[in-house]
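Take a look at the structure below.
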Amino acid sequence: MKSVLLGACGLALAAAGANATTFSFASDANHQNWTFAGLGALISAAGPTNPQVLLVDDDNGPLPALTFNVEFRASMQLAHAASVPVGGGNFLHVYGVAAVPEGPAGFGFFNADGSPLLVATFSTATFRAAGPQGAWGSAANLSASDLTGSVTYTWFGPDMPAYGLYQGQSSVGVDDAAFTFTNINSDSGAGVPLGDGSMPNQAWASEGSYSGTAHFVPAPGAAALLGLASVCVTRRRR
């Protein structure tokens, strides 16, 4: 009975202790290079190196946002879903976003030595770009959420409980990620023309910004200790 009680306490505390952490970077933080690039169905970070300044915030709490100088990487693949007329000769081109042949769809932030700081994967996402029937315009967006699929963040940095971060832990709860794409351009100029399957038929690049939220809990051992401490406090009060 005691072990059941302690286990229940640990699980409850772990669920209740899932702290929200917000991650973001601003558009054009990499002022000499584009943020995203693509051709056909593929979208990736532009260039082999892509320096960004990642902001980490304690979910609108009192602590200042932390900054990390990182390299941004991304890899995902589009699947055309629909091109919907929205009036004035314009269309909303909608795509599902899924895994690439080499692995799951996702993105990450890496230290100068190549080690990961924060990595995210998702089962599916949605990409939307408005433009004429045969092209994207100069702006688009991508979003993923646990409410419409599965988003998982893993933090590889040091433990920072005040910011809800625990080394080696993957996120739980409702997590999300969103990117904006601005100044999309190709050899044709602003925007990018679409070919067969409503896929871009020219290489393109864009600026981009990012915001995402993740919920982490301490490692099981730490949660169990918290549960034990809670039971001890309760008994002492009795």
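The values are calculated or read from the model by the stated rules, or taken from the named source; none is laboratory data. Bear in mind the structure is a predicted one, so any value in this text is a computation, not a measurement. Here the Cβ positions follow ideal geometry from the backbone for every residue, glycine too, while neighbour counts run over all protein chains shown.
A few notes on this one:
- For segment 90-116, a tally of residues being touching a Pro at 6+ places or on another chain (Cβ under 6 Å) and over 26 Å from residue 155 (Cα atoms) returns 1.
- When the strands (runs of 3 or more DSSP E) confined to segment 101-218 are screened for residues that are among the aliphatic types (A, V, I, L, M) and closer than 23 Å to residue 19 by Cβ, those reaching at least 3 such residues are found at 116-122, 172-186.
- Scanning segment 43-79 for residues that are more than 20 Å from residue 30 (Cα to Cα), surrounded by fewer than 16 Cβ atoms within 10 Å (Cβ to Cβ) and of a type outside the set (A, V, I, L, M, F, W, C) gives 59, 60, 61, 62, 64.
Condition check ((1) buried (at least 19 other Cβ atoms within 10 Å of the Cβ); (2) out of contact with any Gly (no Cβ under 8 Å at 6 or more places or on another chain); (3) in the same structural domain as residue 198 (by TED's automatic domain parsing)) across all residues:
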| position | (1), (2), (3) |
| --- | --- |
| 91 | yes, no, yes |
| 123 | no, no, yes |
| 128 | no, yes, yes |
| 147 | no, yes, yes |
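- Qualifying residue in segment 147-166 (condition: in contact with a His (Cβ under 7 Å, 6 or more places away or on another chain), closer than 21 Å to residue 42 by Cα and modelled with pLDDT of 95 or more): no
- Single condition residue 18 does not satisfy, out of (1) aliphatic (A, V, I, L, M); (2) over 25 Å from residue 98 (Cα atoms); (3) at pLDDT 95 or above: (3)
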